[in-house]
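Any read-out appearing in this document is the output of simple, stated calculations on the displayed coordinates, not a laboratory observation. All figures in this text were calculated on a predicted structure; none of them were measured in a lab. Here Cβ is always computed from backbone atoms with ideal geometry, including for glycine, and neighbour counts include all displayed protein chains.
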Amino acid sequence: VDLAALEASARERLSEATYSYIAGGADDELTLADNVAAWSRYRLRPHVLRDVSTVDLTTSLLGTPMSSPIQVAPTAYHRLVHPDGEAATAKAAAAAGSVFTLSTVSTVSIEDVAKAVPEGRHWFQLYVHSDRDLTIWLVQRAEAAGFSALVLTVDTPVIGRRRRDGATGFSLPPGIEPANLIGFREGRTESTNLVDFAATAFDPSLTVDAIGWLREHTRLPIVVKGVLRGDDAAACVAAGASAVQVSNHGGRQLDGVLATADALAEVAAAVGDRAEVYVDGGIRRGSDVLRALALGARSVFVGRPVLWGLANNGADGARAVLTDLAAETARAFQLAGVRSCAEAGSDLVS
Ligand SMILES: Cc1cc2nc3c(=O)[nH]c(=O)nc-3n(C[C@H](O)[C@H](O)[C@H](O)COP(=O)(O)O)c2cc1C
């Protein structure tokens, strides 16, 4: 899969507003561009003369075996790009042996994703809404539907300013709704306007205590997503996080923040072996996956490329993105003399 061609082809199929909503970032999109560029600034230091006739990409996340260190990041509103929406993406992830992270603002509900893909390994991305009862309602539904982790997004005290969305007037077309948020209160439907949603859903008063609060309400492990600093990561782990996901929301929140590639090593060092560390943002090549593992991530998560695959060819298109990235990663392992994820150590990058 040529990701640039895949994006171009998705663009042709989508409205300009939808394409720009997905492709875009905040303000001047400095971080958006740097997320991709930063990985390539790390030079690989390959071993030679290792027997790489077989390489093993398998790993485990939160104690569960996975086919590869490549998983699906939460992104909103998949029915914008394909009628099957998140059911198709979840199917693609399951076929690739990857985790599928369902966004709070998915267009297929928690229950319908579980029903459509019972064999999948689903995680639920949670915003701690200002309305804590609504938050608990979502958590309980994810648990009941068999989701196996909560991904608490913490880089959204308010929504970043996405100038492209202002220019195109992006809004959800009729019939495409945040499926999880319907029916909590009789007679009330959550706004489908992104900015209004953020104003009611995001809680700018949130502190690290939210992690302990959430733990009291769930038996699921908590992944804290959106951390860029070692001190914050250590605080999240001390508060009970099982994993930390280095992320800047794909460059969609504070513009000018460091690329996730550049934040990763500090976070990994601060967390040590007390929790797992993941990363997302700008992963486009198998060699990026190798760099991420070498810089201390246990796994990577991919956002936009999966949506481009979904837009082009539904579940098959999204699966091809994941399996091709895994094949590229296997080749990068071989060319770097690395036989397993455990062997992808910090000596491989400089
Ligand atoms: C269209 C779009 C919607 C997103 N929606 C969410 C979301 O609902 N929740 C969340 O935690 N992150 C969301 N993200 C951020 C992604 O989870 C992830 O951090 C980012 O896309 C990774 O970067 P990449 O797209 O370069 O792979 C979204 C990103 C995009 C592009």
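For the chain, modelled as a Gaussian network with Cα springs under 10 Å, which listed residue fluctuates most, Gln253, Gln125, Gln140?
Of Gln253, Gln125, Gln140, the most mobile in the Gaussian network model is Gln140.
Note down the relative contact order for the chain as a percent, whole number, built from C-alpha pairs under 8 angstrom at least six residues apart.
27 percent
State the extension gain, in nm to one decimal, for the chain segment bounded by Arg219 and Thr207, taking 0.36 nm per residue of separation less the distance between their alpha-carbons.
Taking Arg219 through Thr207 to full extension adds about 2.3 nm, to one decimal.
Based on the Cα coordinates of segment 118-247, what is the per residue volume of their convex hull in Å³?
Once divided by residue count, the hull of segment 118-247 is 136 Å³.
Among Ile136, Thr153, Gly169, whose Cα projects farthest towards the positive end of the dipole of segment 132-176, with charges put on the beta-carbon of Lys, Arg (+1) and Asp, Glu (-1)?
Comparing the listed Cα positions along the dipole, Gly169 ranks first.
In the Gaussian network model of the chain, springs joining C-alpha atoms below 10 Å, which of Pro74, Pro83, Pro305 carries the largest mean-square fluctuation?
With Cα springs under 10 Å in the chain, the top fluctuation among Pro74, Pro83, Pro305 is at Pro83.
May I ask you to list the GluC sites (Glu not before Pro) in segment 78-171 that are in a DSSP loop and have at most 10 other Cβ atoms within 10 Å of their Cβ?
When the GluC sites (Glu not before Pro) of segment 78-171 are filtered for loop state and at most 10 Cβ neighbours within 10 Å, Glu119 remain.
Pick from Leu14, Leu126, Leu307: which residue has the top mean-square fluctuation in a GNM of the chain where Cα pairs under 10 Å get a spring?
Leu14
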